[in-house]
Amino acid sequence: MLMKTKFLNIVLLEDLPFEELVPRVEKAFNTPLPYENKKGRYIAAGDMGDYKVSVIDRKDDLGDVLSDDFHVLTISVNFEDTIDLEKIESEIKSKLEKENVKWESGIWSKTTADEVYRKIYPE
C-alpha cells in the first residue's frame, strides 16, 4: 500500500505571543520545538516519530494584512491506514487537554478529490 500524508490544522484559541505559546505546546507534546522565521512567519517544528508538529505564528512580519487572528497547530502524518489517523487524533486531543491548550477546531486535509474533509473538536 502506498504511504500517504495528511495534515491536521488546528485553530488555537490561546491569546499569547508566539514565544509564550511554543513552550506550552512543547510541554504538551514533550518535545522541543525550535522555531525560525520562514518568509515572515515564525514556525516552530518538531518530530514525534509517528507525526510532525508545527506551530505557526498568527503574525506575519511582512505586513499586518497577511496576519491571522489565531495561531495554528499543524500535524503532518504519513499513514497507511485510517485507524492510524484516529489513534493519532485521539492522542493529540488528549495532549492538548492535559496541558489545557485551548483550541476551537481542527480539519484534516484530503488525499483524494472524492474524500470529505474531516473536522474535529475538543471533547
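The figures follow:
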| read-out | value |
| --- | --- |
| Matching residues in the stretch 89-105 - criterion: being outside any helix (DSSP H, G or I) and out of contact with any helix residue (DSSP H, G or I) (no Cβ under 7 Å at 6 or more places or on another chain) | N100, K102, E104, S105 |
| Failed item in (1) in contact with a strand residue (DSSP E or B) (Cβ under 6 Å, 6 or more places away or on another chain); (2) over 19 Å from L16 (Cβ atoms); (3) surrounded by 15 or more Cβ atoms within 10 Å (Cβ to Cβ); (4) not basic (K, R), with Y121 passing the rest | (3) |
| Number of the condition not met by F7 [criteria: (1) farther than 22 Å from T112 by Cβ; (2) crowded, with 16+ Cβ neighbours inside 10 Å] | (1) |
| Matching residues in the stretch 1-45 - criterion: being charged (D, E, K, R) and in contact with a Ser or Thr (Cβ under 8 Å, 6 or more places away or on another chain) | K4, K6 |
| Residues satisfying the stated conditions in the stretch 90-109, i.e. farther than 20 Å from E14 by Cα and in contact with a strand residue (DSSP E or B) (Cβ under 8 Å, 6 or more places away or on another chain) | W108, S109 |
| Strands (runs of 3 or more DSSP E) (entirely within the stretch 22-68) containing at least 1 residues that are surrounded by fewer than 13 Cβ atoms within 10 Å (Cβ to Cβ) and without any contact (Cβ under 8 Å) to a residue 60 or more places away in the chain | 35-38, 41-47 |
| For E91: the one exception among (1) at pLDDT below 95; (2) of a type in the set (D, E); (3) closer than 22 Å to L16 by Cβ | (3) |
| Complete set of residues in the stretch 49-70 that are at pLDDT 90 or above, within 16 Å of K95 (Cβ to Cβ) and not hydroxyl-bearing (S, T, Y) | K52, V53, V55 |
| Any chance T5 is under 15 Å from the mean Cα position of the chain (by Cα), more than 17 Å from E97 (Cα to Cα) and hydroxyl-bearing (S, T, Y) | yes |
| Odd one out for E86 among (1) in a loop (DSSP other than H, G, I, E, B); (2) surrounded by fewer than 18 Cβ atoms within 10 Å (Cβ to Cβ) | (1) |
| Matching option when the condition is modelled with pLDDT of 95 or more and closer than 21 Å to S105 by Cβ, among L33, L73, L85 | L73 |
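The values are calculated or read from the model by the stated rules, or taken from the named source; none is laboratory data. Every value quoted in this text rests on a predicted model; they were computed, and no experiment measured them. When we count neighbours, we look across all protein chains shown, and the Cβ atoms used for this are built from the backbone with ideal geometry, even at glycine.
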